[in-house]
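Q: So that we are looking at the same thing, I have put the structure below in structure tokens.
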Amino acid sequence: QVQLVESGGGLVQVGGSLRLSCRASGLTFRSYTMGWFRQAPGKEREFVAVFSWIGDNTDYADSVKGRFTISRDNAKSTQYLQMNSLKPEDTAVYYCAASRRVGVIQYVEEYDYWGQGTQVTVSS
């Protein structure tokens, strides 16, 4: 079955960096659009970044543009999220997601598979 396993979360100070990883299994990774979402306590899950499997197109939420970078290694069936200049408002559980759809999709309902999430806490 399909599994998405995130890693790399943790506690970091304001201005610090973290790199999240998401390893996929049970699917043809190179043929899936991959995304990152996050959910803070009491809030809805929100889009962070996406990497389309056709055209290598990427897109980001306005709140993370210029600070976060999404990438993928199809040979390793793994995607990454490099997070720099972290802020307290970046604190959330970060989820990896996979979609058969093409394009820079940003809605939760457009994704087919989800990981369990990894906690990122930015302390001030």
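Q: Report, as a whole number in µm² per second, the diffusion coefficient that Stokes-Einstein gives for the range 56-118 at 25 °C and 0.890 mPa s using the Kirkwood radius over alpha carbon pairs.
A: 187 µm²/s
Q: Are there trypsin sites (Lys or Arg not before Pro) in the range 6-51 that DSSP puts in a loop and that have at most 13 other Cβ atoms within 10 Å, and which ones?
A: Sparse-neighbourhood loop trypsin sites (Lys or Arg not before Pro): Lys43.
Q: Oh, and also: Give the aspartates and glutamates whose C-alpha is closer than 19 Å to that of Lys87, dropping any in the same chain fewer than 8 places away, or say none.
A: Glu44, Glu46, Asp62
Q: Tell me which of Val108, Ser77, Gly42 sits at the most positive position along the dipole axis of the chain, charges placed on C-beta atoms (Lys, Arg +1; Asp, Glu -1).
A: Ser77
Q: Would you mind calculating the gained length between Lys76 and Gln1 on full extension (0.36 nm times residue separation, minus the Cα-Cα distance), in nm to one decimal?
A: 25.2 nm
Q: In addition: For the pair Thr28 and Thr58, how long in nm is the line joining their label points, each one 7 Å along Cα→Cβ?
A: It works out to 2.5 nm between the two label points.
Q: Something else about it: Accessible area of the chain with a 1.4 Å probe: how many percent of it is carbon plus sulfur?
A: C and S atoms contribute 44 percent here.
Q: Just name one of Leu86, Phe29, Tyr60: the one whose Cα is farthest towards the positive end of the charge dipole of the chain (beta-carbon charges, Lys/Arg +1, Asp/Glu -1).
A: Phe29
Q: A further question on this structure: Accessible area per residue for the range 41-80 in Å², computed with a 1.4 Å probe and the full protein assembly in place, what is it?
A: The answer is 57 Å² per residue.
Q: Between the range 19-63 and the range 64-94, what's the alpha-carbon centroid distance in Å?
A: 9 Å
Q: Per residue of the range 71-80, what does 6.51 cos²θ - 1.76 cosθ + 1.60 with θ = phi - 60° give for ³J(HN,Hα)? Whole Hz please, x for Gly and Pro, Karplus curve as stated.
A: 8, 8, 10, 5, 5, 9, 6, 9, 10, 9
Q: Over all alpha-carbon pairs in the chain, figure out the percentage whose distance exceeds 22 Å.
A: That fraction is 26 percent.
Q: Restricting to Cα pairs below 8 Å that are 6+ residues apart, what does the relative contact order work out to for the chain? Please round to a whole percent.
A: That works out to 36 percent.
The values are calculated or read from the model by the stated rules, or taken from the named source; none is laboratory data. Everything quoted here is computed from the prediction, not taken from an experiment. No Cβ is skipped: glycine too gets one built from the backbone with ideal geometry, and neighbour counts run over all protein chains shown. Please note that ligands, DNA and RNA were not included when accessible areas were found on the heavy atoms of the full protein model with its side chains. Shrake-Rupley method; radii C 1.70, N 1.55, O 1.52, S 1.80 Å.
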